[in-house]
Amino acid sequence: MTGAAWNEAIDRMLTRIRDTAARVGDGFPHWADPESGAWTVTADGDWTGGFWVAMLWLACRSTGEERYRQWARQWMERLRPRIASATVFKAIPFYYGGSLGHILTNDAGAREMALEAAASLMRLYSPALGLIPLGAEAEEGSRIGPAESSIDSLFASPFLLWAARETGDGAMREVARSHAARVIELHLREDGSFIQSSSLDPKSGAVIRHYTHKGYSDTSTWGRAQSWGVLLSAMSYAWEPTETRWLRAAERGADWWIAHAPPGHIAFWDFDDPRIPEAERDTSATAAMACAMLKLAALADPSKRSEYRRCAEATVNALVERYLTPVGSSDRRVPGILTEGCFNRRPDSRSHDAASRNELIFGSYYLFEALHILTDKVDPVKI
């Protein structure tokens with residue numbers, strides 16, 4: 001594919017963005033039926049709502065159209081009640097819904113809201129653990145103790161590092177650094193794969209066990225855990241470039257992905273599901289990894305950058321050619337739907353996360369971001 005084809009894919013996704021804005025009312029798109037385009041929504045955004053706002057900020061940045069800015073501001077304001085939520089995962093909606101609004105469009109309101117959320121997040125830090133635990137209001141909160149961590153929680157570090165740079169808050173920077181170092185150390189395996197979750201001793205911070213909330217088993221490699229590990233290690237390094245160990249962690253995880261991704265580049269939901277090749281794919285994990293590879297193509301050891309770029313391009317091309325609904329009279333689906341995302345296929349899933357072959361708002365965001373990077377509309381290191 002060429003730049004023209006990537007731009008055409010962006011146009012398809014803009015069609016879906018406009019369609020989504022007309023469908024969801026005041027709610028936040030969570031996941032959708034890929035045939036009808038109908039969304040399951042959340043009222044407050046949950047942990048996914050910021051990805052919808054980020055798509056609107058990106059659309060505003062690339063098109064210059066005011067409607068996207070107005071939509072972004074409207075949905076961003078609806079995230080405000082989550083500032084007080086007792087979970088590390090609030091970093092996700094406020095980085096993507098707030099920080100990116102400031103980074104991409106210099107929106108002062110987005111900056112203000114994101115900084116307020118960052119200050120609230122700081123209060124959840126545990127010195128005994130050296131990190132911010134998942135918290136009572138995490139999506140798994142009803143089933144976990146007070147000293148749990150996961151690779152997903154690494155979102156907190158780039159968010160807090162951005163906020164520390166904006167404010168000059170040295171304490172915030174140190175919390176972000178401690179959190180990143182500890183989360184990466186806990187969840188990066190010797191072979192370069194990432195385990196999703198860990199239970200810690202609340203007094204000493206020692207590891208009690210490693211496990212997964214969403215993967216096939218406690219010893220398997222859940223696709224999104226691998227994507228989060230690489231992406232968030234790279235993002236943390238981009239905001240704190242003195243921490244080369246985080247960059248090395250991202251490179252190790254990316255190299256593991258390249259060695260284990262199936263032919264055709266689209267990952268299965270878990271790399272160890274015994275039903276492979278009949279198991280569900282996960283385009284959301286794959287799209288997030290494409291973004292991670294594009295960041296590494298700008299950050300990594302120069303000898304490895306071209307390999308990461310080639311992998312990212314091949315991955316995005318596969319997603320667009322085989323999983324992004326087309327424009328055309330022979331296909332009645334809305335153009336620009338990223339199909340075959342696996343949100344959670346486990347029997348203990350929350351009911352509103354039980355989707356295994358669907359459009360997922362975060363998968364759509366990451367493909368949209370990757371296309372903007374490939375067409376030189378945004379700098380991969382700055383978002």
Would you check which residues across region 258-282 are open to solvent by less than 10 Å² (accessible area, probe 1.4 Å) and in contact with a Cys (Cβ under 8 Å, 6 or more places away or on another chain) and list them? 269, 282
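Table: residues versus (1) touching a Gly at 6+ places or on another chain (Cβ under 8 Å); (2) open to solvent by 50 Å² or more (accessible area, probe 1.4 Å); (3) of a type outside the set (S, T, N, Q).
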{"residue": "155", "(1), (2), (3)": "no, no, yes"}
{"residue": "162", "(1), (2), (3)": "no, no, yes"}
{"residue": "167", "(1), (2), (3)": "no, yes, no"}
{"residue": "194", "(1), (2), (3)": "yes, no, yes"}
Looking at this structure, is residue 297 within 21 Å of residue 266 (Cβ to Cβ), at pLDDT below 95 and touching a Phe, Trp or Tyr at 6+ places or on another chain (Cβ under 7 Å)? no
For residue 190, which of the numbered conditions (1) assigned to a loop (DSSP other than H, G, I, E, B); (2) over 29 Å from residue 266 (Cα atoms); (3) more than 20 Å from the chain's Cα centre (by Cα); (4) among the charged types (D, E, K, R) fails to hold? (2)
Would you confirm whether any residue within region 317-336 is in a helix (DSSP H, G or I), open to solvent by 30 Å² or more (accessible area, probe 1.4 Å), out of contact with any Lys or Arg (no Cβ under 7 Å at 6 or more places or on another chain) and not aromatic (Phe, Trp, Tyr)? yes
Return yes or no: is residue 146 open to solvent by 10 Å² or more (accessible area, probe 1.4 Å), more than 17 Å from residue 173 (Cα to Cα) and either of a type in the set (Lys, Arg) or not in a helix (DSSP H, G or I) (or both)? yes
Taking region 350-364 on its own, how many of its residues are in a loop (DSSP other than H, G, I, E, B), open to solvent by 10 Å² or more (accessible area, probe 1.4 Å) and either touching a Pro at 6+ places or on another chain (Cβ under 7 Å) or in contact (Cβ under 8 Å) with a residue 60 or more places away in the chain (or both)? 3
Restricting attention to region 365-383, the residues that are farther than 22 Å from residue 94 by Cβ, in a loop (DSSP other than H, G, I, E, B) and aliphatic (A, V, I, L, M) number exactly 0
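The values are calculated or read from the model by the stated rules, or taken from the named source; none is laboratory data. As the structure is a computational prediction, the values presented were derived from the model and not from experiment. Neighbour counts are summed over all protein chains in view; Cβ atoms, including those assigned to glycine, are modelled from backbone coordinates with ideal geometry. Heavy atoms of the whole protein, side chains included, go into the accessibility calculation; ligands, DNA and RNA do not. Shrake-Rupley method; radii C 1.70, N 1.55, O 1.52, S 1.80 Å.
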